[in-house]
1. Protein chains only, probe 1.4 Å: how do B:90, A:56, A:208 rank by accessible area, largest first?
2. Compute the label-point distances linking residue B:205 to its equivalents in the other copies; points lie 7 Å from Cα along Cα→Cβ; give nm, one decimal, shortest first.
3. Quote the Stokes-Einstein diffusion coefficient, in whole µm² s⁻¹, for the protein assembly as shown, based on the Kirkwood radius over alpha carbon pairs, a temperature of 10 °C and a viscosity of 1.306 mPa s.
4. Skip the ligands, DNA and RNA, and give the accessible area per residue of the range A:67-143 with a 1.4 Å probe, whole Å².
5. Calculate how steeply helix B:101-120 sits against the longest principal axis of the alpha-carbon atoms of chain B, using the helix alpha-carbon long axis, and give the answer as 0 to 90 degrees to the nearest 10.
6. Mean separation of Cα pairs under 8 Å and 6+ residues apart, divided by the residue count of chain B: what relative contact order is that in percent?
7. Can you check how the C-alpha radius of gyration of chain A compares to 2.2 N^0.38 Å, as a plain ratio?
8. Leaving ligands, DNA and RNA out of it, report the carbon-plus-sulfur percent of the accessible area of chain A at a 1.4 Å probe.
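The values are calculated or read from the model by the stated rules, or taken from the named source; none is laboratory data. Computed from a prediction, not measured in an experiment: that's the story for all the values here. Heads up, the Cβs are rebuilt from the backbone with ideal geometry, glycines too, and the neighbour counts pull from every protein chain shown. Calculation scope for accessible area: heavy atoms of the full protein, side chains included, ligands and nucleic acids excluded. Shrake-Rupley method; radii C 1.70, N 1.55, O 1.52, S 1.80 Å.
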There are 2 protein chains.
Amino acid sequence: MAKRESNVDRVYEALRRMAADFAFKPDQRLNESALSEVLGASRTPLREALNRLVAEGFLTFQINRGFFCRPLTPSYILDLYEARVAIECEALRIACQRAPEADITAFSAYLDRMEPEYESATELEELLTLDESFHNRLVQLSGNSELQRMLKNLNGRIRYIRLIDLKRMRDQAEGRAPGDVSAHRLVLQGLVARDVEVATRALRNHIEKRREEATEAVRIAFSQLYVPDED
Amino acid sequence: MAKRESNVDRVYEALRRMAADFAFKPDQRLNESALSEVLGASRTPLREALNRLVAEGFLTFQINRGFFCRPLTPSYILDLYEARVAIECEALRIACQRAPEADITAFSAYLDRMEPEYESATELEELLTLDESFHNRLVQLSGNSELQRMLKNLNGRIRYIRLIDLKRMRDQAEGRAPGDVSAHRLVLQGLVARDVEVATRALRNHIEKRREEATEAVRIAFSQLYVPDED
DNA sequence: GAATTCAAAATTGTATACAGTTTGGAATTC
DNA sequence: GAATTCCAAACTGTATACAATTTTGAATTC
């Protein structure tokens, strides 16, 4: 039987996970020999995977100097969240206009089913996966593969920003509980009523609020660690 | 002095240009040895470039079978144009809200300066470059690098769809002249007034109209050449 | 003649070698 | 001691070789 997944795919996924889990410091140069040993592949497939990550914006590349972990700056975080608003709100608009009634019903049922898990989730990763899942499914309702691809890419890059945010929320427990699904419910209500304006306004507010929290969380978390070059 | 551009970059650009210029037939398998000879590089940097193009959605990849030119289907074209609406309308919204007055004035002057060129452009490529330039500059006004990156990617993949569209328009000269900037003027008016609703409505209409034309043009152009797998 | 088998040819997958470049630090200069 | 030079070590860039897999097409079977 033929293999299903290529070695480059495997290495790519491993690198993406490492990036999301803080394995690389911002602006850190990635040593290809060391990485290839850790990942159990030679430099040839490793570099193919690294090139994919550059194309997707996870890493940067400098000729004759290699691949670097992309640093987190406030303006970069702003850009990523604004792009999420663009993708998700347009997907929601499309979904309001043409998603089959059955899909919306299923989405609603999904949120009901997940609510207890949200409330009881203890692991941050678990909570984050649940939240990402809501947004992914929302964009799926649009039926647009490009919007799905773009969201997946953004989520991959935003993931560790959100982990920092959730960590802070849990530590402080200020106001909103981490597992609060009320914002998601508001979006759903608009979608069920197929009211583009109400739905997108709710979603936009939700994402922008999260952005503000996340920016602040990152600022606090990193302010004592290093000073990234901002421009 | 150090080199500025890497070999992989050069190969990548060459491949992208080839893809945009119909050098590869849809679903055609790309022969690595042949390509590496044409491009004057060994398979190692070639494959790195090909992996970037896969990550960006220009090509597809199958394990042990190599890289393939992505086929054009109506639903793929719809997805790309919808994604453009998402990116450009949100960028325009942001620009309405916070682009410096000076940048908007400069943008307006740019459109005035370009109008004669639009009218007189004879080469399709020239016309297309002018049109892409308008949209790129619009998104630049948002100051968001991620939106710019996403638009650049979409434009790269949409480019040859638009060439087909422009070709048909020129051949038929039905109704609208190819170099019509009135739709762009409407968008600009909304932006100058900083009226998000007016501006985004004009832009959305413009892109969606172009999508309809392009879909039809591709349908006609390809209907006798081959039948792509649609699903 | 359509379907099947199978081996040769073509093609992809990747480890490795080595050339070219950058980096780090010791030696030197001021 | 700070700045500069320079060389060795480390690292990246890529051509190449060869293993693994797929494709092709001729031979065979029904």
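1. Values: B:90 15, A:56 35, A:208 65 Å².
Greatest to least solvent exposure: A:208, A:56, B:90.
2. Reported distances to equivalent positions: 3.0 nm.
3. Numbers: Rh = 23.9 Å.
Estimated via Stokes-Einstein, D reaches 66 µm²/s.
4. Details: 2860 Å² over 77 residues.
Per-residue accessible area for the range A:67-143 comes out at 37 Å².
5. Tilt of helix B:101-120: around 70 degrees.
6. On the way: 231 pairs, mean separation 53.8, N = 231.
Relative contact order here is 23 percent.
7. Numbers: Rg = 19.1 Å, N = 231, 2.2 N^0.38 = 17.4 Å.
Rounded to two decimals, the normalised Rg is 1.10.
8. Details: 5560 of 11100 Å².
Ligands and nucleic acids excluded, carbon and sulfur give 50 percent.
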